[in-house]
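Okay, so here's the structure we're looking at.
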Amino acid sequence: MNRKIVGAVGLALGLSAVSAPTLAQNWYVGASAGSADPDLGLLDNDVGVKLFGGYRFNRNFSAEVGYMMIGELEFTGGDVEIDGLEASAVGRLPINPDWSVFGRAGLFAWDREVSGVAAQFVDDDGVDFTWGVGAEYALTNQVGLQAAWQRFLDVEGDIDYLSLGATFSF
């Protein structure tokens, strides 16, 4: 776990060395919602919600932090609720002035709470890797729409999050 934290800090410091033209125009916030689908056959998928904010160092790289509520996953005998904080590096490739594709890699500090009779699961927490890909369409210079897929590794097996979202730059 210490290696993961040291790696994330090193990545953040490396990204902060990239110069940015104007501080005020590079900040953004966003939200997304979608299907959170666990790898394990015991759990049914649920609606996940993510709130995030970031800073664009240039048109190709940004650093992002967010809060993710994966939802309440149901299984025989109880429910599992998972949420946590995420820190990611995001790389973007502009296709044209309106469209871009992006990829992300980072860490997810999660917390799991179990309710009901759940012998195979217990309350737990941890820090694990997350990664994903997506596309963004710029409605205006400040507003964008996103479609994305993200995988949270080893949280409850692997959890896939397929989402639609919006961003607001300022």
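Some observations on this one:
- In region 120-143, the residue that is nearest to Ala89 (Cα to Cα) out of those that are at pLDDT 95 or above and of a type in the set (Phe, Trp, Tyr) is Trp131.
- Identity of the residue in region 128-170, crowded, with 18+ Cβ neighbours inside 10 Å and of a type in the set (A, V, I, L, M, F, W, C), that ends up nearest to Met68 (Cα to Cα): Phe152
- Exclusive hit being in a strand (DSSP E or B), within 19 Å of the chain's Cα centre (by Cα) and at pLDDT below 95, set Arg151, Arg104: Arg151
Conditions (1) part of a helix (DSSP H, G or I); (2) modelled with pLDDT under 85; (3) farther than 19 Å from Gly132 by Cβ, marked per residue:
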position: Gly10; (1), (2), (3): yes, yes, yes
position: Val18; (1), (2), (3): no, yes, yes
position: Val29; (1), (2), (3): no, no, no
position: Ala33; (1), (2), (3): no, no, no
position: Ala36; (1), (2), (3): no, yes, no
position: Ser62; (1), (2), (3): no, no, no
position: Ile70; (1), (2), (3): no, yes, no
position: Asp79; (1), (2), (3): no, yes, yes
position: Ser100; (1), (2), (3): no, no, no
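- Residue tally, condition farther than 17 Å from Asn26 by Cα and among the basic types (Lys, Arg), over region 60-115: 2
The values are calculated or read from the model by the stated rules, or taken from the named source; none is laboratory data. For clarity, every value in this text was computed on a predicted model and none was experimentally measured. We place every Cβ from the backbone using ideal geometry, glycine too, and count neighbours over all the protein chains shown.
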